[in-house]
Amino acid sequence: MARYLLALLLLANSHAYADDDDTPNLPPSPLSTEIELGYQSLSGNSDSQSLNTRLGLTYVKNQFRHSGEAKYLLVNKDGEEDKRKGSLELQSDMKINERAYLLGNANYVDDRYGPYFIDFTLATGMGYQLLRRETVLMEVEAGPGYRHQEPNLDEIDDDDIVLPDTVDELIIRASTRVTWKPVKNMELNLRLTGIAGNSNSTLESEINLTSSVTEHIAIKISSSQKYNSWVPDGLKKRDSTMTVNLLFKI
């Protein structure tokens with residue numbers, strides 16, 4: 001029976017590839033969309049549920065590239081809301097030659113249970129493609145910006161990493177992105193973002209490994225770490241998060 005099922009799967013795949021070959025080559029759409037969804041539920045000694053989602057949009061046409069990313073995280077423990085965090089990042093790039101581009105970046109974080117209720121940064125600068133190969137792309141960005149933060153006074157405790165003050169300051173933002181595609185159905189992405197200001201400086205890293213299941217469905221493993229230059233005594237300067245999501249490409 002297993003041999004018959006295997007034969008049917010192979011036959012179905014062969015027909016699918018044949019259909020792809022018969023499909024005329026159309027120009028790629030300038031808009032690409034990604035939707036991610038991850039869910040975890042624990043019961044027994046601990047009762048918790050977590051939901052994390054992501055929506056990513058990229059539009060590329062002529063010398064312009066516009067991208068947007070929205071993330072949402074919700075955690076419930078023992079029937080009560082424990083964490084709710086949403087973020088939105090927008091960036092527009094304009095190429096000025098084959099490798100260099102001007103950029104504008106805006107990042108907004110709304111964290112209901114974190115030390116900062118609102119964290120907003122706006123930055124501009126220049127980017128440059130240091131490496132551009134068929135399977136590898138490396139871009140670096142740097143420029144000045146502005147940061148506004150409002151403390152979440154209802155949630156600040158003695159062990160939080162901020163002072164209970166509103167922050168308005170100039171910053172320097174730098175970012176590095178690396179995309180490597182060793183094989184057709186696998187992609188590795190690395191992003192490092194540093195923000196330097198008088199109140200605090202942060203370095204955030206994100207590593208994503210995406211493995212395609214079909215043309216439009218993939219499994220994505222993400223690991224992110226954030227380092228703070230200043231924390232109160234007894235606290236760690238580094239926080240980390242790991243997620244496993246289903247990724248849908250449209």
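The values are calculated or read from the model by the stated rules, or taken from the named source; none is laboratory data. Because the structure is a prediction, the values reported are computed rather than measured. So basically every Cβ, Gly included, is an ideal-geometry build from the backbone, and we count neighbours across all protein chains shown.
Details
- Restricting attention to region 182-222, the residues being closer than 20 Å to L137 by Cβ and of a type in the set (S, T, N, Q) number 9.
- Residues that are loosely packed, with under 14 Cβ neighbours inside 10 Å and either more than 17 Å from the chain's Cα centre (by Cα) or in a loop (DSSP other than H, G, I, E, B) (or both), drawn from region 212-228: V213, T214, E215, H216, I217
- Among the residues of region 161-195, the ones that are out of contact with any Ser or Thr (no Cβ under 8 Å at 6 or more places or on another chain), in a strand (DSSP E or B) and exposed (fewer than 15 other Cβ atoms within 10 Å of the Cβ) come to 3 in all.
- Residue match in region 111-131 (condition: β-branched (V, I, T), closer than 17 Å to A196 by Cα and at pLDDT 95 or above): yes
- Considering region 57-75, the residues that are of a type in the set (G, A, S) and free of Cβ contacts under 8 Å to residues at least 24 places away in the same chain include one that is nearest to L90 (Cα to Cα), namely G68.
- Residue within region 94-105 that is without any contact (Cβ under 8 Å) to a residue 24 or more places away in the chain and in a strand (DSSP E or B) present: yes
- Filtered residues of region 132-160 (kept if crowded, with 17+ Cβ neighbours inside 10 Å, touching a Phe, Trp or Tyr at 6+ places or on another chain (Cβ under 9 Å) and modelled with pLDDT of 95 or more): E139, E141, R147
- Selected residue (criterion: surrounded by the most Cβ atoms within 10 Å (Cβ to Cβ)) from residues of region 229-250 that are outside any loop (DSSP other than H, G, I, E, B) and modelled with pLDDT under 90: T243
- Hits in region 61-86 (condition: at pLDDT below 95 and of a type in the set (S, T, Y)): Y72
- Pairing each residue of region 24-43 that is under 18 Å from Q63 (Cβ atoms) and of a type in the set (G, A, S) with any residue that is at pLDDT 95 or above and in a strand (DSSP E or B), provided the two are 6+ apart or on different chains, yields C-beta distances under 6 Å for S32/T58.
- So V167, is it in contact (Cβ under 8 Å) with a residue 40 or more places away in the chain and farther than 21 Å from N52 by Cα: no
- The one condition in (1) surrounded by 13 or more Cβ atoms within 10 Å (Cβ to Cβ); (2) at positive phi; (3) of a type in the set (D, E, K, R) that D78 fails to fulfil: (1)
- Scanning region 119-134 for residues that are within 20 Å of the chain's Cα centre (by Cα) and of a type in the set (A, V, I, L, M, F, W, C) gives F120, L122, A123.
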